[in-house]
Amino acid sequence: MKHLMALCVLTTIFSLASCGKDDVNATEPVVDTAHRLAIVIGSQTITATLYDNPTSRDFISRLPLTVDLNDYGGTEKVFTPSPELTTDNSPSGMNPQAGDIALFAPWGNIVIYYRNGTSSGSLIPIGRIENGINALNISGTILNVRFELTSVEP
């Protein structure tokens with residue numbers, strides 16, 4: 001009986017120890033060395049590195065693109081491209097940090113984090129903001145945001 005009780009206690013301890021861990025096992029994305037992204041908001045331009053995966057390439061094929069960015073949870077700006085971006089053969093799983101650009105696969109929306117987000121196995125990395133992120137850190141919707149490719153500097 002003591003052994004059974006000890007086993008139950010150990011099982012409970014190990015179960016509780018893993019409850020708070022929400023990080024996903026994300027792999028480091030491969031950088032697309034041929035493309036960079038400019039996100040133009042009024043007179044401000046945010047620059048970003050893009051990643052080399054099928055979802056990111058599908059996004060690139062649709063540029064230039066002008067959309068409204070809606071605020072979600074005081075953490076991210078989102079929009080939903082139509083038709084949905086491909087997710088085939090793309091890496092998924094991220095521990096999003098401020099500056100990450102991703103596709104949230106279940107909803108089909110592009111997410112731009114201006115604050116750290118919640119880990120998710122459903123996020124597909126698209127890119128990473130290099131500078132200008134403060135232009136996104138405002139409440140509400142940002143209208144007429146333009147996404148376009150820029151030349152890669154040698």
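The values are calculated or read from the model by the stated rules, or taken from the named source; none is laboratory data. Just so you know, these numbers come straight off a predicted model, no measurement behind them. No Cβ is skipped: glycine too gets one built from the backbone with ideal geometry, and neighbour counts run over all protein chains shown. Just so you know, the surface numbers come from the protein's heavy atoms only, side chains and all, with ligands and any DNA or RNA stripped out. Shrake-Rupley method; radii C 1.70, N 1.55, O 1.52, S 1.80 Å.
Listed here are the residues, each with its yes/no results for (1) of a type in the set (Lys, Arg); (2) surrounded by 12 or more Cβ atoms within 10 Å (Cβ to Cβ).
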position: Pro83; (1), (2): no, no
position: Asn89; (1), (2): no, no
position: Gly93; (1), (2): no, yes
position: Ile110; (1), (2): no, yes
position: Arg128; (1), (2): yes, yes
position: Asn134; (1), (2): no, no
position: Val145; (1), (2): no, yes
Is it true that Asp100 is over 18 Å from Leu50 (Cα atoms), surrounded by 13 or more Cβ atoms within 10 Å (Cβ to Cβ) and modelled with pLDDT of 95 or more?
no
Subset of the range 1-43 [modelled with pLDDT of 85 or more and not in a loop (DSSP other than H, G, I, E, B)]:
Val31, Asp32, Thr33, Ala34, His35, Arg36, Leu37, Ala38, Ile39, Val40, Ile41
Restricting attention to the range 111-154, which residues are touching a strand residue (DSSP E or B) at 6+ places or on another chain (Cβ under 6 Å), under 13 Å from Ala38 (Cα atoms) and either in a loop (DSSP other than H, G, I, E, B) or not β-branched (Val, Ile, Thr) (or both)?
Gly127, Arg128, Glu130, Asn131, Gly132, Ala135, Arg146, Phe147, Glu148, Leu149, Val152
If a residue has to be assigned to a loop (DSSP other than H, G, I, E, B), more than 19 Å from Arg146 (Cα to Cα) and either open to solvent by 30 Å² or more (accessible area, probe 1.4 Å) or among the hydrophobic types (A, V, I, L, M, F, W, C) (or both) to count, how many in the range 44-66 make the cut?
1
From Leu69, Leu85, which residue is touching a strand residue (DSSP E or B) at 6+ places or on another chain (Cβ under 6 Å) and assigned to a loop (DSSP other than H, G, I, E, B)?
Leu85
